[in-house]
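K.L.:
Next up is a structure, given as structure tokens.
The values are calculated or read from the model by the stated rules, or taken from the named source; none is laboratory data. Here the structure is a predicted model, which is why all the values come from computation and not from measurement. Every residue, glycine as well, gets a Cβ built from its backbone with ideal geometry; the counts of neighbours run over all protein chains shown. Calculation scope for accessible area: heavy atoms of the full protein, side chains included, ligands and nucleic acids excluded. Shrake-Rupley method; radii C 1.70, N 1.55, O 1.52, S 1.80 Å.
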Amino acid sequence: MALTIKKIMIAPFVFFVRFYQLAISPYTPATCRYSPTCSQYTLEALKKHGLFKGGWLAVKRIFSCNPWGGKGYDPVP
């Protein structure tokens with residue numbers, strides 16, 4: 001039961017990220033400094049940790065993806 005509620009809660013965010021990956025990202029230059037990319041990291045974090053913890057991890061990752069932030073391999077904890 002809880003698994004179904006978790007999937008329902010993250011569904012709009014997963015849809016938004018997938019839309020970004022398919023409709024926006026191919027037309028912009030690749031600028032993510034991490035592997036996996038920030039959008040893939042967000043999907044994995046949401047699916048693994050749920051909306052609140054996964055969302056927080058995704059926000060932290062996106063804000064650190066800049067020239068003064070980190071880079072390299074950074075998997076979802």
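K.L.:
Is it possible to state the helix-based mean residue ellipticity at 222 nm for the chain, with each DSSP H run of 4+ residues giving -39500 (n - 2.57), the sum divided by total residues, to the nearest 500 deg cm²/dmol? What is it?
P.N.:
Helices in the chain give a 222 nm mean residue ellipticity of -20500 deg cm²/dmol.
K.L.:
What dipole magnitude, in Debye to the nearest 20, does region 2-65 give about its Cα centre under +1 on Lys/Arg Cβ and -1 on Asp/Glu Cβ?
P.N.:
200 debye
K.L.:
For Lys47, list the lysines whose Cα falls under 17 Å from its own Cα; do not include residues on the same chain fewer than 8 positions away.
P.N.:
Once the sequence-local lysines are set aside, what remains near Lys47 is Lys6, Lys7, Lys60.
K.L.:
Under the 0.36 nm per residue contour assumption, what length would be gained going from the current alpha-carbon distance of Gln40 and Lys7 to full extension?
P.N.:
10.2 nm
K.L.:
Let me ask you something else. In terms of modelled amide H atoms, which long-range or inter-chain residues lie less than 5 Å from the amide H of Tyr34?
P.N.:
Gly72
K.L.:
Using θ = phi - 60° and the Karplus form 6.51 cos²θ - 1.76 cosθ + 1.60, what ³J(HN,Hα) does each residue of region 19-31 get, whole Hz, x for Gly and Pro?
P.N.:
4, 4, 4, 8, 9, 10, 4, x, 9, 10, x, 6, 10
K.L.:
Follow-up question, since we're still on this one. For the chain, what is the accessible area per residue in Å² when the probe is 1.4 Å?
P.N.:
Accessible surface, normalised per residue, equals 72 Å².
K.L.:
Considering the zone a paramagnetic label at Asn66 would reach in this model (a point 7 Å from Cα along the Cα-to-Cβ line), which residues of region 11-41 have amide N under 15 Å from it?
P.N.:
32-33
K.L.:
Another question about this same structure. Calculate what fraction, in whole %, of the accessible area of the chain sits on carbon and sulfur atoms when a 1.4 Å probe is rolled over the protein chains.
P.N.:
Carbon and sulfur atoms account for 71 percent of the accessible area of the chain.
K.L.:
HN-Hα J couplings of region 50-57 from phi, Karplus 6.51/-1.76/1.60, θ = phi - 60°, integer Hz, Gly and Pro as x?
P.N.:
x, 5, 7, 5, x, x, 5, 4
K.L.:
Hand me the chymotrypsin sites (Phe, Trp or Tyr not before Pro) from region 19-77 located in a DSSP loop with no more than 14 other Cβ atoms within 10 Å, in residue order please.
P.N.:
Answer in residue order: Trp68.
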